[in-house]
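The values are calculated or read from the model by the stated rules, or taken from the named source; none is laboratory data. This is a predicted model, so every value here is computed, not measured. Ideal geometry is used to build each Cβ from the backbone, glycine not excepted, and the neighbour counts take in all protein chains shown.
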Amino acid sequence: MNTRHLITVLTVSLILAGLAHAHAFLDHADPKVGSTIHDPPSQVTVWMTEGLEPAFSKLQVFDAKGVEVDSKDTKVNGSTMTVSLPRLAPGKYRVSWQVVAVDTHRTSGSFDFTIQ
C-alpha cells in the first residue's frame, strides 16, 4: 500500500468515526426503559449521548390508546430532556423522543414503562 493510499484510508476512517458519534441517542431514562413502577412519576427525563438543540427536540408520553398525556412542556438542558406529567393511572405508557443534536443530526425513538 503506498503512502497516498494509506493517508486516504486513514482520513476517511477518521471522518467516519466522527460521524458515528455525531448522533444523539438515548443513554438512559427515568423511569427506566421497560420498567414497571409503583408510583406515578411527575415527569419523564431522558439523557442523550449528545447535546441537543432545544428548538428542535421534543419528548412526549402516550397512554395505551395512543393519547398524549404529558403536559407538552419539554425542557432541554444540554443533553438532558424532561417533560412534566399529570397524575397518571396504572397502565402502560410509551415515551417518544425526537431530537436534533447540536451538530444538526436528527434521531428519534421510543420506549415503554408500566405503572402498576
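Quick notes on this one:
- Within segment 75-96, residues that are within 14 Å of Phe113 (Cα to Cα) and touching a residue at least 12 places away in the same chain (Cβ under 8 Å) sit with their Cβ atoms under 7 Å from residues that are among the aliphatic types (A, V, I, L, M) and not in a strand (DSSP E or B), at 6+ positions apart or across chains, in these pairs: Leu85/Val69; Leu88/Val69; Gly91/Ala64; Lys92/Ala64.
- Residue within segment 98-108 that is exposed (fewer than 13 other Cβ atoms within 10 Å of the Cβ) and under 20 Å from Ile37 (Cβ atoms) present: no
- The number of residues in segment 33-54 that are among the polar types (S, T, N, Q), over 15 Å from Leu85 (Cα atoms) and not in a strand (DSSP E or B) comes to 2.
- Residues located in segment 77-90, provided they are surrounded by 13 or more Cβ atoms within 10 Å (Cβ to Cβ) and either in a strand (DSSP E or B) or small (Gly, Ala, Ser) (or both): Ser79, Thr80, Met81, Thr82, Val83, Ser84
- Any hit, segment 55-64, residues being over 19 Å from the mean Cα position of the chain (by Cα) and either modelled with pLDDT of 95 or more or assigned to a loop (DSSP other than H, G, I, E, B) (or both): yes
- Selection status of Asp39, under 11 Å from the mean Cα position of the chain (by Cα), surrounded by fewer than 13 Cβ atoms within 10 Å (Cβ to Cβ) and either of a type in the set (Ser, Thr, Tyr) or at pLDDT 85 or above (or both): no
- Identity of the residue in segment 101-116, part of a strand (DSSP E or B) and free of Cβ contacts under 8 Å to residues at least 60 places away in the same chain, that ends up farthest from the chain's Cα centre (by Cα): Arg106
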